[in-house]
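Read through the structure below, which is laid out as structure tokens, and then see the notes.
The values are calculated or read from the model by the stated rules, or taken from the named source; none is laboratory data. Source: prediction; values computed, not measured. Every residue, glycine as well, gets a Cβ built from its backbone with ideal geometry; the counts of neighbours run over all protein chains shown. Areas reflect the complete protein model, heavy atoms only, side chains present, ligands, DNA and RNA absent. Shrake-Rupley method; radii C 1.70, N 1.55, O 1.52, S 1.80 Å.
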Amino acid sequence: MRSVRFAFGGLLLLLLLLVGGAVIPRPLVAPVEAFPGSALLRRILVLSGPIHTDIAIPLDDATRAAFPFLAEAGVPVGHPEARWLIVGWGGRAFYLETPTWADLKPLPVLRALTVDRSVLHVDVAGEALGSQPGVAAFDVDDKSLARLIAFVAGSFASDTGVVAAIPGAGYGAHDRFFEARGLFNILIGCNTWTAAALRTAGLRSGLWTPLPQSLVISLRLYN
């Protein structure tokens, strides 16, 4: 009986943490600055799935210049129909070894639940991405977009200043994986990275958003 109460108490605490993490905003107070009426706003996208989120950045000359190594790695950032650069951060073992649920294996799951090295997954998409299910759009000004791009660029790990794709790693012909900065764990994972990136662009997220659902809820509440 005591073990049942202990388990119930643990589940209740976890639920409270998840709800609180979504509804308590970060930053707590909304930024004073607002976009001037004449400011040119740029759209960014947040792609959410059952357990993971990505960010889509407008793909233009400035974005290509910020990530010059992508074209060298084979990511078709110069394709005439490419409109979005999609970037996601995650645990190395789970991200690389689980392209679909059918590929799920115990060891990558164990590493995702404990501590693992991190990687970034990069792909491109066309204009239709914005109308797909599970995609939320937010408008930011040029300075905010530049801060977001700088955050993402700073998340790539480099070897003596060179950023290179992980050989043979990818889900398709044109996407690539790269080593990333930081360690992945169940408390600080892909969705908290997405939230941190969005905050650099002036968006508000929940205090702690380990799940896509909690991140999406907080983004809708405060932006």
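Using a 1.4 angstrom probe, figure out how much accessible area region 65-219 has per residue, in square angstrom, rounded to the nearest whole.
Roughly 47 Å² per residue, with all protein chains present.
Could you tell me which of rounded, prolate or oblate describes region 101-223, using a ≥ b ≥ c as the square roots of the eigenvalues of the alpha-carbon gyration tensor, with rounded for a/c under 1.5 and, failing that, prolate when a/b is larger than b/c and oblate otherwise?
rounded
Order these peptides, 206-213, 150-157, 128-135, by their mean beta-carbon neighbour count within 10 angstrom, highest first.
So the peptides 206-213, 150-157, 128-135, ranked by packing, come out 206-213, 150-157, 128-135.
Explain nothing, just the number: relative contact order of the chain, from Cα pairs under 8 Å at least 6 residues apart, as a whole percent.
It rounds to 30 percent for the chain.
For the chain, which whole percent of the accessible surface, found with a 1.4 angstrom probe, sits on carbon and sulfur atoms?
Accessible surface attributable to carbon and sulfur in the chain totals 65 percent.
Quick one, can you get me the convex hull of the C-alpha atoms of the chain expressed as volume per residue in Å³?
It comes to 146 Å³ per residue, whole-number rounded.
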